[in-house]
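For reference, the structure is listed below as structure tokens.
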Amino acid sequence: AREPSDDAPLGQGLAGQGALPSVCERVELLEKVLVLAALEPARGARLATLQALSPPLDVHLQQPRLVELLLPYLEMGDYALCSAALAVLGRLAERNPGEVVPALRTFLLSLLTQMTHAHSPAARQQAARLLSRLSEARPQLLGSHATPIVLALTPLLGEADAGVATAALAALGELAGLAELAGAALTPYVPRLLPALHSLLQDQSSSEKRHAALRATWRLLRYTAPPPKGMQGHAGSLSQRSQLLHTLLGTLLHAEARDARLELVRAIGIIGAIAPASHLRLRHGRGPHWGPHSAPPAAAGPLSATEPPPLSAGGPSPPGMAGGLSTSDAPLGLGGAAGGA
């Protein structure tokens, strides 16, 4: 009998005749492989087994008894083994959500507990790193739990340990990237997160931490909608973005790494889309929607006699700016006078 080729289907040629095994035989064979891997003392053998479970095998791995053999890897405390198991379980969640999703939800809650209560910085760092892997494996799960995740990640951003802060920033960036799933849930926390990210962007102790902060910043600003008009804190949000823009422009002058410059350009492009009228009003201490018939906010500083009058839809334009400024906060070219409509 000829030898089966390396790319032959699972089990082909086992009987020496090249006959394909039945579905039950394939499931039994996979079960034996997973049992042997679980009993194998060598970590490398277990990791190689998990990495060999490719997508074509998912139709068999979705069986409940095989899923049960994969779940213990989530509790072993080994980052590589857990990441490999998450990659497989994330795919199986589409085929057998009743068995996989509850286990992944329990795993998510355990990660949040570790990030909040673990005494060891290494444990908090690994929990944040695994949260990023879980976001890649099953993004729908993180989208539905965005609020408790943000509450658990926020204290880690100020950790003295650079590894913990970097892992938390990476997880926050992954969460912010889930625009359709978590964007709306993250919006109320943007005014609280931006000052922390701004501080980390100026931290000179770790370039890796600054890079992670930069990535989290532009993803957070891009995938979260601005607060509705009239909400308290919207002016503060624009003021924070103006401060970020000033910091990023200064950082761009000294950045040498190509990846860092690319992230900087992305962030500057997103922040710079704020309408110039909003920046002008903020510079004079007024809210973004302050008009000629409303008083300035109580927190605003006194205005000098030389400052120009407030802008309105039909008011005069400042010198050197023919055509006036748009009174909306929409990006340039998306409406108003700036869009050429």
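The values are calculated or read from the model by the stated rules, or taken from the named source; none is laboratory data. Since we're looking at a predicted model, the values are computed, not measured. Counting neighbours? That spans all protein chains shown, and the Cβs are built from the backbone with ideal geometry, glycine included. The accessibility values were calculated without ligands, DNA or RNA, using every heavy atom of the protein model including side chains. Shrake-Rupley method; radii C 1.70, N 1.55, O 1.52, S 1.80 Å.
For ARG261, ARG210, give me the order by solvent-accessible area with a 1.4 Å probe, most accessible first, ignoring ligands, DNA and RNA. Walk me through the intermediate numbers first.
On the way: ARG261 95, ARG210 65 Å².
Of ARG261, ARG210, the descending order of accessible area is ARG261, ARG210.
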Quiz item: Using a ≥ b ≥ c from the Cα gyration tensor of the stretch 45-125 (square roots of the eigenvalues), is it rounded, prolate or oblate, where a/c under 1.5 gives rounded and otherwise the larger of a/b and b/c decides, a/b for prolate?
Solution: oblate
Self-check item: the stretch 142-223: translational diffusion in µm²/s, Stokes-Einstein, Kirkwood Rh over Cα pairs, 37 °C, 0.692 mPa s
Solution: 267
Quiz item: Between GLN204 and ALA122, what FRET efficiency follows from the Cβ-Cβ distance if R0 is 22 Å, with the result rounded to 0.05?
Solution: 0.35
Quiz item: How much accessible surface area, in Å² rounded to 10, belongs to the heavy atoms of THR116 with a 1.4 Å probe?
Solution: 80
Self-check item: Pairwise label distance in nanometres, LEU57 with ARG95, each label 7 Å out on the Cα-Cβ vector
Solution: 1.1
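Suppose accessible area is computed on protein heavy atoms with a 1.4 Å probe; arrange HIS211, HIS60 from highest to lowest. It would help to have the intermediate numbers written out before the result.
Values: HIS211 60, HIS60 15 Å².
Result, largest first: HIS211, HIS60.
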Quiz item: Which percent of Cα pairs goes in each bin when the distances of the stretch 115-161 are cut into 10 angstrom slices starting at zero?
Solution: 25, 55, 19, 0
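What shape does the stretch 56-214 have by the C-alpha gyration tensor, where a ≥ b ≥ c are the square roots of the eigenvalues, rounded means a/c under 1.5, and otherwise prolate means a/b greater than b/c and oblate the rest? Walk me through the numbers before you get to the answer.
Details: a/c = 2.36, a/b = 1.74, b/c = 1.36.
Prolate shape, in that a/c is at least 1.5 and a/b is the bigger ratio.
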